[in-house]
Amino acid sequence: MAEEIILLDYWASMFGMRTRIALEEKGVKYEYREEDLSNKSTLLLEMNPIHKKIPVLIHKGKPICESIIQVQYIDELWPDTNPILPSDPYQRAQVRFWADYIDKKTYVPCKALWSETGEKQEAAKMEFIEVLKSQDT
Ligand SMILES: N[C@@H](CCC(=O)N[C@@H](CS)C(=O)NCC(=O)O)C(=O)O
């Protein structure tokens with residue numbers, strides 16, 4: 001593999017999608033490895049011993065954990081191709097604010113959309129819609 005990049009991921013993960021989009025934007029070739037989250041691989045547990053979560057980006061054998069940190073790492077490694085973060089510090093702060101907002105507000109209702117049924121699922125749907133609406137402000 002030219003860039004020696006492995007991504008431990010799960011297809012439906014919104015966090016993994018961030019990293020996959022960043023890699024695609026940069027045109028970087030990488031090896032995708034789908035994880036079974038109910039039976040995590042030894043590699044995942046070794047590479048992310050703190051959180052034991054995907055996505056994990058492995059570059060030349062070294063892990064980078066947390067999707068936002070991965071996106072920034074990818075952007076710093078290949079700054080000349082499709083820059084992801086704006087160059088202006090204020091605009092960068094705005095982008096980080098919204099990424100943090102997504103992390104804090106969307107994951108719980110998004111997960112409940114999949115895992116709950118009935119009233120709880122409906123409540124999650126409404127919460128998710130409210131979160132999306134607030135991003136229009
Ligand atoms: N803050 C982390 C969140 C990662 C995360 O929550 N990953 C979930 C899948 S979407 C996971 O690995 N869950 C397995 C578990 O919690 O055991 C990031 O941005 O990378």
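The values are calculated or read from the model by the stated rules, or taken from the named source; none is laboratory data. From a predicted model like this one, the values you see are computed outputs, not experimental measurements. All Cβ positions, glycine included, derive from the backbone under ideal geometry; neighbour counts span all protein chains shown.
Listed values, structure above:
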| quantity | calculated |
| --- | --- |
| Wholly enclosed strands (runs of 3 or more DSSP E) of the stretch 18-118 bearing at least 3 residues touching a residue at least 40 places away in the same chain (Cβ under 8 Å) | 56-59 |
| Candidate set: the stretch 1-39, residues that are at pLDDT below 95, aliphatic (A, V, I, L, M) and within 11 Å of the chain's Cα centre (by Cα); chosen: the one nearest to residue 86 (Cα to Cα) | 14 |
| Filter result (out of contact with any strand residue (DSSP E or B) (no Cβ under 8 Å at 6 or more places or on another chain) and over 17 Å from residue 17 (Cβ atoms)) within the stretch 28-45 | 36, 38, 39, 40, 42, 45 |
| Criterion (on the phi > 0 side of the Ramachandran plot and away from the ligand (no atom under 12 Å from the Cβ)) met by exactly one of 52, 60, 26 | 60 |
| Selection from the stretch 112-133 of residues that are touching a helix residue (DSSP H, G or I) at 6+ places or on another chain (Cβ under 8 Å) and polar (S, T, N, Q) | 121 |
| Test for residue 42: is it within 28 Å of residue 101 (Cβ to Cβ) and more than 12 Å from the ligand (Cβ to nearest atom) | no |
| Any hit, the stretch 60-72, residues being in contact with a Gly (Cβ under 9 Å, 6 or more places away or on another chain), within 23 Å of residue 107 (Cβ to Cβ) and not assigned by TED's automatic domain parsing to the domain that holds residue 107 | yes |
| Matching option when the condition is in the same structural domain as residue 25 (by TED's automatic domain parsing), of a type outside the set (S, T, N, Q) and within 26 Å of residue 33 (Cα to Cα), among 111, 53 | 53 |
